[in-house]
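Asks: Shown below is the structure under consideration.
The values are calculated or read from the model by the stated rules, or taken from the named source; none is laboratory data. Note that the coordinates shown come from a computational prediction; the quantities given were computed from them, not determined experimentally. Note: ideal-geometry Cβ built from the backbone for every residue, glycine included; neighbour counts use all protein chains shown.
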Amino acid sequence: MFRISQYLRELAQAQATGSYPTPRERHAKGPVVIWNLIRRCNLTCKHCYALSADHDYAGELSLPEVFTVMDDLKAFGVPALILSGGEPLLRPDLFEIAARARDLGFYTGLSTNGTLIDAPMAARIAGAGFDYVGISLDGLKPTHDKFRRLDGAFDRSLAAIRHLATHNVKVGLRFTMTALNAHDLPALLQLMQDEGANKFYFSHLNYAGRGNIHRDKDAHHQATRTAMDLLFDHAWAAAQAGSLDDYVSGNNDADGPYLLQWVRQHLPQWEEALRQRLVAWGGNASGQMVANIDNLGHVHPDTMWWHHDLGSVRARPFSQIWNDTSDPLMAGLKQRPRPVQGRCASCQYLSICNGNTRVRAQQLTGNPWFEDPGCYLSDAEVGAVSTPFETPANKHARRTIEIAHV
């Protein structure tokens, strides 16, 4: 996750005081864990990484197993749990899990589509003490209902936001942009203001699950830049006004270098200070400071790596799995710098973005270390040249041609 507002609030403070603020130190030793407690969902969204459907899935972790894992996560220094699905509200023991998380002192978030949150459910969520509830909206009503494949989904999710607001629950909007819904982003940012939501999470489409199947519909790079400019402008206006509204992005760590370029244009005196902050941030955290546990208890480097299994919490504690670098992918993800190839290897921003999101390269080329095809910065901006990727088939064909010409 890239915390746009955090950096722009620091820049606003620097502008006001003439000195860049000293950042708070991070004390957590373990990763944030996104936990897909259940795969069942009442929706079948086009871009779902979990490929969920509205039926039960066999073999999911029982409540005692969940509690055992939570104890290990706490001892390992995990600071936060994001309870997700499928649709987590379909899990009958969700509120027992949330109570246990609160008792153990985790920051606890709930990631939901919102369609099941009526007034009584909103009261129950508020009573459970969730630190944050994220509700997914893919656009205004026509766009959202098409993405979610359910007429009325938008109205139900919007009602959920309003129900939660009556209980002063911190609510954020979650938006995954593609070429099919980019036009609704300005309206959703306005909706955030109108409804008093506290956070806007902008997710770049990643190549996993249905997102992989539909990657040909991903927004073009110029549309991505336009969207990020809009987010930066909103976050900067909020920071200058002293607002605590949060704008964050995810699944494309080129956002860090792009913000640095934005600052170079608008606040050049703070470029070097921000560069140091972004290097300290460290870019992509898959396999490092963000982790995923799926509904069956399998551990993954993050939610977009469901096709890569690191091990089961039924066989080994999460803490042992996470520290095990015998898996080549995990060894590379934990390496600094990562063993990236193509233009990523010589990119001037590698120390900031950490090679960006490796799953896109793996899904497109079969090589997790190839340059990230989702990076929307130009060769000139990164100071490196893109390299055509090779599959085993075209590599063999090229080699055959080379031999024929010897």
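For (1) outside any helix (DSSP H, G or I); (2) under 20 Å from LYS146 (Cβ atoms), each residue gets a yes or a no:
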| residue | (1), (2) |
| --- | --- |
| HIS163 | no, no |
| GLY172 | yes, no |
| PHE175 | yes, yes |
| LEU180 | yes, yes |
| ASP184 | no, yes |
| LEU191 | no, yes |
| ASP194 | no, no |
| ALA197 | yes, no |
| PHE202 | yes, yes |
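Asks: Right, here's the next one. Quick check, is THR22 polar (S, T, N, Q) and touching a residue at least 40 places away in the same chain (Cβ under 8 Å)?
Replies: No.
Asks: Let me ask something else about it. So which residues in the stretch 205-225 are surrounded by fewer than 14 Cβ atoms within 10 Å (Cβ to Cβ) and either at pLDDT 95 or above or part of a loop (DSSP other than H, G, I, E, B) (or both)?
Replies: HIS220
Asks: Any residue in the stretch 362-377 that is farther than 17 Å from ALA345 by Cβ sitting within a Cβ distance under 6 Å of a residue that is in a loop (DSSP other than H, G, I, E, B) and aromatic (Phe, Trp, Tyr)? List the pairs, counting only those 6 or more apart or interchain.
Replies: Final answer for the pair search is GLN363/TYR207.
Residue-wise test of (1) of a type in the set (S, T, N, Q); (2) free of Cβ contacts under 8 Å to residues at least 40 places away in the same chain; (3) surrounded by fewer than 23 Cβ atoms within 10 Å (Cβ to Cβ).
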position: ALA273; (1), (2), (3): no, no, yes
position: VAL279; (1), (2), (3): no, no, yes
position: GLY287; (1), (2), (3): no, no, no
position: LEU296; (1), (2), (3): no, no, yes
position: THR303; (1), (2), (3): yes, no, no
position: SER312; (1), (2), (3): yes, yes, yes
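Asks: What about PRO337, is it at pLDDT 95 or above, surrounded by fewer than 17 Cβ atoms within 10 Å (Cβ to Cβ) and either among the aromatic types (Phe, Trp, Tyr) or within 26 Å of GLN261 (Cβ to Cβ) (or both)?
Replies: In short, yes.
Asks: Of all residues in the stretch 337-364, count the ones that are at positive phi and assigned to a helix (DSSP H, G or I).
Replies: Qualifying residue count, the stretch 337-364: 0.
Asks: Quick one: which residue in LEU73, LEU110, LEU61 is touching a Phe, Trp or Tyr at 6+ places or on another chain (Cβ under 7 Å) and outside any helix (DSSP H, G or I)?
Replies: Result of the check over LEU73, LEU110, LEU61: LEU110.
Asks: Sticking with this structure for a sec: For THR178, work out the one condition from (1) at negative phi; (2) out of contact with any Phe, Trp or Tyr (no Cβ under 6 Å at 6 or more places or on another chain); (3) at pLDDT 95 or above it doesn't fulfil.
Replies: Condition not satisfied by THR178: (3).
Asks: To continue, here is another question. So, restricting to helices (runs of 4 or more DSSP H) that lie completely within the stretch 235-333, which ones have at least 3 residues that are within 30 Å of GLN13 (Cα to Cα)?
Replies: Qualifying helices (runs of 4 or more DSSP H): 255-266, 271-281.
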